[in-house]
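So the structure is just underneath, and the comments pick up after that.
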């Protein structure tokens with residue numbers, strides 16, 4: 001029987017004296033960080049801290065509602081003063097003229113309620129304009145196309161609601177709503193990584 005072991009029933013060997021672990025191995029183990037979480041969605045979870053995403057979504061709902069109301073009022077105004085042949089571009093005109101006000105509102109809400117940054121008002125405000133400026137060109141291309149898409153469908157059931165707001169057809173407003181969803185996804189990552197980068 002080997003030295004340092006005791007024989008017990010059924011041929012099992014039990015160590016009577018545990019062997020010491022070399023000090024180099026202990027210090028090497030202590031210095032290692034815990035294993036990082038892994039899996040297919042790990043990188044997405046790192047990009048989207050839950051509390052920040054929830055705050056972003058709540059503020060985004062407010063910003064989207066504010067921008068939609070403002071854009072809808074401007075669509076109503078342009079529907080009255082522009083000829084009907086310009087209907088495809090009504091959403092574009094409304095988007096361009098509402099942008100500065102909507103961006104300023106979004107900037108203040110994101111700064112104070114989502115990313116909690118201090119100072120740097122002018123720098124971050126200009127960065128917000130840069131973020132939305134980059135997104136404006138695809139938006140201006142998409143809006144007439146999405147408006148044209150909605151013009152293909154009979155949306156007569158929505159007409160009474162929109163006629164009360166002096167909007168001849170709901171297509172431009174629906175186009176603004178659809179494009180706003182994609183803008184929200186893009187703007188979260190752009191603001192997190194650029195506008196309000198710490």
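The values are calculated or read from the model by the stated rules, or taken from the named source; none is laboratory data. None of these values were measured; they are calculated from a predicted model. Note that we place each Cβ from the backbone using ideal geometry, even for glycine, and neighbour counts take in every protein chain shown.
For the stretch 182-198, which positions are assigned to a helix (DSSP H, G or I) and over 15 Å from the mean Cα position of the chain (by Cα)? None - no residue of the stretch 182-198 is assigned to a helix (DSSP H, G or I) and over 15 Å from the mean Cα position of the chain (by Cα), so the list stays empty. For the stretch 93-102, a residue qualifies if it is crowded, with 18+ Cβ neighbours inside 10 Å and either farther than 15 Å from residue 169 by Cα or without any contact (Cβ under 8 Å) to a residue 40 or more places away in the chain (or both), and the qualifying residues are 93, 95, 98, 99, 102. Within the stretch 183-198, the set of residues being more than 14 Å from residue 68 (Cα to Cα) and either in contact with a helix residue (DSSP H, G or I) (Cβ under 8 Å, 6 or more places away or on another chain) or in contact (Cβ under 8 Å) with a residue 24 or more places away in the chain (or both) comprises 186, 187, 188, 189, 190, 191, 192, 194, 195, 196, 198. Check the stretch 160-181 and report whether any residue there is free of Cβ contacts under 8 Å to residues at least 12 places away in the same chain, under 15 Å from the mean Cα position of the chain (by Cα) and surrounded by fewer than 15 Cβ atoms within 10 Å (Cβ to Cβ). Yes; the residues of the stretch 160-181 include at least one that is free of Cβ contacts under 8 Å to residues at least 12 places away in the same chain, under 15 Å from the mean Cα position of the chain (by Cα) and surrounded by fewer than 15 Cβ atoms within 10 Å (Cβ to Cβ). Residues that are part of a helix (DSSP H, G or I) and under 18 Å from residue 88 (Cβ atoms) were ranked within the stretch 146-157; the one that is nearest to the chain's Cα centre (by Cα) is 146. Scanning the stretch 111-137 for residues that are assigned to a helix (DSSP H, G or I) and over 21 Å from residue 176 (Cα atoms) yields a count of 12. Scanning the stretch 53-91 for residues that are over 29 Å from residue 110 (Cβ atoms) and either touching a residue at least 60 places away in the same chain (Cβ under 8 Å) or assigned to a helix (DSSP H, G or I) (or both) yields a total of 9.
In the stretch 115-130 there is at least one residue matching the filter, namely being at pLDDT 85 or above, surrounded by 13 or more Cβ atoms within 10 Å (Cβ to Cβ) and within 30 Å of residue 80 (Cβ to Cβ).
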